[in-house]
1. Say whether the condition of being out of contact with any Gly (no Cβ under 6 Å at 6 or more places or on another chain), of a type in the set (Ser, Thr, Tyr) and assigned to a helix (DSSP H, G or I) is met by at least one residue in the range 140-152.
2. Name the one entry in 86, 161 that is on the phi > 0 side of the Ramachandran plot, in contact with a helix residue (DSSP H, G or I) (Cβ under 7 Å, 6 or more places away or on another chain) and not assigned by TED's automatic domain parsing to the domain that holds residue 191.
3. Taking the range 229-240, which residues are at pLDDT 95 or above and closer than 19 Å to residue 168 by Cα?
4. I'd like to know if the range 145-161 contains one or more residues that are touching a residue at least 24 places away in the same chain (Cβ under 8 Å), more than 29 Å from residue 38 (Cβ to Cβ) and surrounded by 15 or more Cβ atoms within 10 Å (Cβ to Cβ).
5. Could you tell me whether residue 192 is of a type in the set (S, T, N, Q), more than 19 Å from the chain's Cα centre (by Cα), in a helix (DSSP H, G or I) and surrounded by fewer than 20 Cβ atoms within 10 Å (Cβ to Cβ)?
6. Have a look at 258, 294 and point out the one that is out of contact with any Leu (no Cβ under 7 Å at 6 or more places or on another chain) and in the same structural domain as residue 116 (by TED's automatic domain parsing).
7. Going through 250, 282, 272, 290 one at a time, which residue ends up being farther than 21 Å from residue 128 by Cα, crowded, with 19+ Cβ neighbours inside 10 Å and either touching a residue at least 60 places away in the same chain (Cβ under 8 Å) or under 18 Å from the mean Cα position of the chain (by Cα) (or both)?
Amino acid sequence: MRNWIARLLAASFLGLAAIGAGAQSFPDHTVKFVVPYPPGGFNDTLARVSADKLAKMWSQPVVVENKPGGNTTVGNVSVAKAPPDGYTILITPLPFSALPGLYGNNLPYDALKDFQPLVWAGSTMNALVVRNDLPVSNVREFLDYARKNPGKLNFGSTGSGSSNHLSMELFMKMTGTKLAHIPYKGSAPAVTALLGGEIDALFDNVPNVVQHIRAGKMKVIGVSGLQRSKLLPEVPTVAESGVPGYEVNVWFGMQVPAGTPKPVVEKLNHDVVTLLKEPDVVKRFADQGVEVVASTPEQFQKLVQAEVAKWTQLIREANIRIE
């Protein structure tokens with residue numbers, strides 16, 4: 001019996017040693033970032049900046065593969081089914097946490113069980129903008145107008161489950177208002193629709209609309225964060241404008257397949273956090289309205305769990321469906 005226990009302990013020790021050695025030599029071949037969106041936008045920027053920095057750090061190729069489709073499920077499921085070895089990394093933004101509520105049992109993976117959160121890379125916020133000829137100048141006036149004109153206002157988004165769609169759904173739920181939803185295939189056409197007067201309002205990432213705001217082509221009446229945007233410091237938050245407790249944190253992160261060895265996860269987190277804190281990266285992201293967070297895997301896991309619960313509840317209560 002003692003010999004059997006000794007052999008078992010020795011085998012366990014050798015297994016742990018092998019994992020540790022594997023982490024020390026990681027990576028020894030090409031690493032891939034999967035972006036579940038087309039090229040362009042901050043998700044793509046995050047992947048390409050990280051790939052460039054890590055390739056130099058590791059002296060190994062790091063590639064970026066854009067896999068859009070299925071409301072990001074195509075790219076997500078490809079990583080969920082990839083070998084859990086750290087060589088396939090998923091770029092994961094806020095809409096990831098809305099998909100369980102939108103698809104339920106039809107989602108081809110388990111958002112909380114099939115992935116290992118790696119790092120919460122950064123966050124931005126959405127701006128609430130309206131067309132220039134809408135007779136409102138702040139959130140309170142917008143709410144008054146919506147209540148006096150029920151069924152007459154609409155809003156745009158980049159699709160069901162997107163951060164700008166969820167931002168407005170949460171806003172409507174908390175204020176008891178109702179606007180008609182008009183989804184578009186991306187931020188650019190939604191912004192164009194607002195500029196052309198086709199839609200009345202839009203929540204969109206601050207970097208996507210800040211130049212139009214500064215050019216006087218649209219009016220901004222609030223931002224979705226708990227604190228004001230550094231790009232628009234004069235604009236109050238929605239929470240301080242009459243909707244206390246309102247917050248939408250537009251976050252961006254990275255995940256790997258569940259089961260990836262802990263030493264590999266720790267090395268990946270350490271190296272990604274290192275590159276995210278480099279001054280040129282911090283400045284580049286800040287110029288796009290994104291604040292670097294560079295969290296631990298545990299911190300990002302808590303965020304994902306909380307966000308899945310938050311948006312699943314909202315989607316159920318608001319009866320949001322894929323359009």
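The values are calculated or read from the model by the stated rules, or taken from the named source; none is laboratory data. Note that this is a predicted model, so its numbers are computed, not measured. Don't worry about glycine lacking a Cβ; one is built from the backbone with ideal geometry, like all the others, and counts go over all protein chains shown.
1. Here is the first cut: in the range 140-152, the ones out of contact with any Gly (no Cβ under 6 Å at 6 or more places or on another chain) are 141-152.
Applying the additional criterion that residues be of a type in the set (Ser, Thr, Tyr) yields 145.
Filter once more, so that each one left must be assigned to a helix (DSSP H, G or I): 145.
Yes, the range 140-152 contains at least one residue that is out of contact with any Gly (no Cβ under 6 Å at 6 or more places or on another chain), of a type in the set (Ser, Thr, Tyr) and assigned to a helix (DSSP H, G or I).
2. On the way: 161 fails: not assigned by TED's automatic domain parsing to the domain that holds residue 191.
After applying the criteria, what remains is 86.
3. Once the filter is applied, which keeps residues that are at pLDDT 95 or above and closer than 19 Å to residue 168 by Cα, the range 229-240 yields 235, 236, 237, 238, 239, 240.
4. Here is the first cut: in the range 145-161, the ones touching a residue at least 24 places away in the same chain (Cβ under 8 Å) are 146-147, 150-151, 153-161.
Still in the list and also more than 29 Å from residue 38 (Cβ to Cβ): 146-147, 150-151, 153.
Those still in the list that are surrounded by 15 or more Cβ atoms within 10 Å (Cβ to Cβ) too: 146, 153.
Looking for residues that are touching a residue at least 24 places away in the same chain (Cβ under 8 Å), more than 29 Å from residue 38 (Cβ to Cβ) and surrounded by 15 or more Cβ atoms within 10 Å (Cβ to Cβ), one finds at least one in the range 145-161, hence yes.
5. Details: of a type in the set (S, T, N, Q): yes; more than 19 Å from the chain's Cα centre (by Cα): yes; in a helix (DSSP H, G or I): yes; surrounded by fewer than 20 Cβ atoms within 10 Å (Cβ to Cβ): yes.
Judged against the criteria, residue 192 is a match.
6. Numbers: 294 fails: out of contact with any Leu (no Cβ under 7 Å at 6 or more places or on another chain).
Step by step, each of 258, 294 is checked, and only 258 is out of contact with any Leu (no Cβ under 7 Å at 6 or more places or on another chain) and in the same structural domain as residue 116 (by TED's automatic domain parsing).
7. Details: 250 fails: farther than 21 Å from residue 128 by Cα; 282 fails: crowded, with 19+ Cβ neighbours inside 10 Å; 290 fails: farther than 21 Å from residue 128 by Cα.
The unique qualifying residue is 272.
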